[in-house]
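Some notes on the structure that comes next.
The values are calculated or read from the model by the stated rules, or taken from the named source; none is laboratory data. Bear in mind the structure is a predicted one, so any value in this text is a computation, not a measurement. Positions of Cβ are generated from backbone atoms using ideal geometry, with glycine treated the same way; all protein chains shown enter the neighbour counts. Surface areas here come from the heavy atoms of the whole protein model, side chains and all, with no ligands, DNA or RNA. Shrake-Rupley method; radii C 1.70, N 1.55, O 1.52, S 1.80 Å.
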Amino acid sequence: MSISERLREATAEAHRQAEHSPFIEDLMSGRLDRGEYERLAAQLYFIYEALEEVGDALADDPVAGAVIDDKLRRLPSLGADLASFGVDPSTVTPLPAVERYVEAIQATRTDPARYVAHHYTRYLGDLSGGQVVAHRMREHYGVYDSGLTFYSFEGIDKLKRYKDDYRARLDALPLDADAVDRLVDEALAAFAHNQAVFGDLDGARAA
Ligand code: HEM
């Protein structure tokens, strides 16, 4: 099986769970409000800050560098979205699950195969389900396009073609069997981190 097939297969159940986590289901079905989306976006800021900081450090690495692409960079657009909501990320406290997620990303600085897992989990998700999220946020909560630039990838006109190319780059990574196992395991960990973030967001809402 190719690396991209292994990743997709290994994370299929975790993906299903993430899609059906209470916070995401409520958010996507219009049961929450715009403020809850803003809270999610503010927490994502810390995650992308780590993802793109480690990405910058690994840009010349033969493994991580094969997937890193400036066209994917999300921190500037996320910052602009938050500014449009009047949220200054420097005043936001990361949730405990976000702190753990950020630590996990930072720990991959010395293991590019594991970094790729985090890259795959977030960016391929943003290029896929993220598009549905943007649509629903507009529809249910009236979030303006100026608050949803996170989901619009300037410079990538055909998302499907980009994702196919991305999977081809994954499949061509110069990794031995052990490194591929680490990559797949870390993708599962990355999904678990996302799930934990949704759990914290849900818990904070109930509190
Ligand atoms: C709002 C809930 C979600 C919806 C509606 C959704 C929807 C989708 C859809 C339709 C695809 C398939 C796209 C394609 O094959 O081109 C996809 C793929 C993907 N999603 Fe999600 N998703 C959601 C949440 C998430 C979350 C929370 C993550 C992880 C952070 C995630 C990560 C991914 C990844 C990595 C892929 C690529 C799978 C692959 O082709 O290898 N998704 N998603």
Evaluation of THR91 against (1) β-branched (Val, Ile, Thr); (2) within 15 Å of the ligand (Cβ to nearest atom); (3) over 24 Å from GLU5 (Cβ atoms); (4) surrounded by fewer than 13 Cβ atoms within 10 Å (Cβ to Cβ) (one fails), failing number: (2)
Using beta carbons and a limit of 6 Å, which pairs, at least six apart or on different chains, have the first residue in region 53-80 and in contact (Cβ under 8 Å) with a residue 24 or more places away in the chain and closer than 17 Å to LEU175 by Cβ and the second one open to solvent by less than 50 Å² (accessible area, probe 1.4 Å) and among the hydroxyl-bearing types (Ser, Thr, Tyr)? LEU58/TYR115; ALA64/TYR115
How many of the residues in region 22-37 are within 11 Å of the ligand (Cβ to nearest atom) and open to solvent by 70 Å² or more (accessible area, probe 1.4 Å)? 1
Yes/no for GLY129 being within 15 Å of the ligand (Cβ to nearest atom), among the small types (Gly, Ala, Ser), within 15 Å of the chain's Cα centre (by Cα) and modelled with pLDDT of 95 or more: no
Whichever residue in region 105-126 is within 19 Å of ALA41 (Cα to Cα) and open to solvent by less than 20 Å² (accessible area, probe 1.4 Å) and, among such residues, is farthest from the ligand (Cβ to nearest atom): ILE105
Against the definition (within 14 Å of the ligand (Cβ to nearest atom) and either buried (at least 16 other Cβ atoms within 10 Å of the Cβ) or farther than 22 Å from ALA196 by Cα (or both)), how does GLY147 come out, yes or no? no
Taking VAL102, is it in a helix (DSSP H, G or I), open to solvent by less than 30 Å² (accessible area, probe 1.4 Å), closer than 19 Å to VAL63 by Cβ and at pLDDT 95 or above? no
Kindly establish whether ASP202 is within 27 Å of ALA83 (Cβ to Cβ), in contact with a Pro (Cβ under 9 Å, 6 or more places away or on another chain) and either more than 11 Å from the ligand (Cβ to nearest atom) or modelled with pLDDT under 95 (or both). yes
Looking at (1) open to solvent by less than 30 Å² (accessible area, probe 1.4 Å); (2) under 18 Å from ALA66 (Cα atoms), which one does ARG167 not meet, given that it meets all the others? (1)
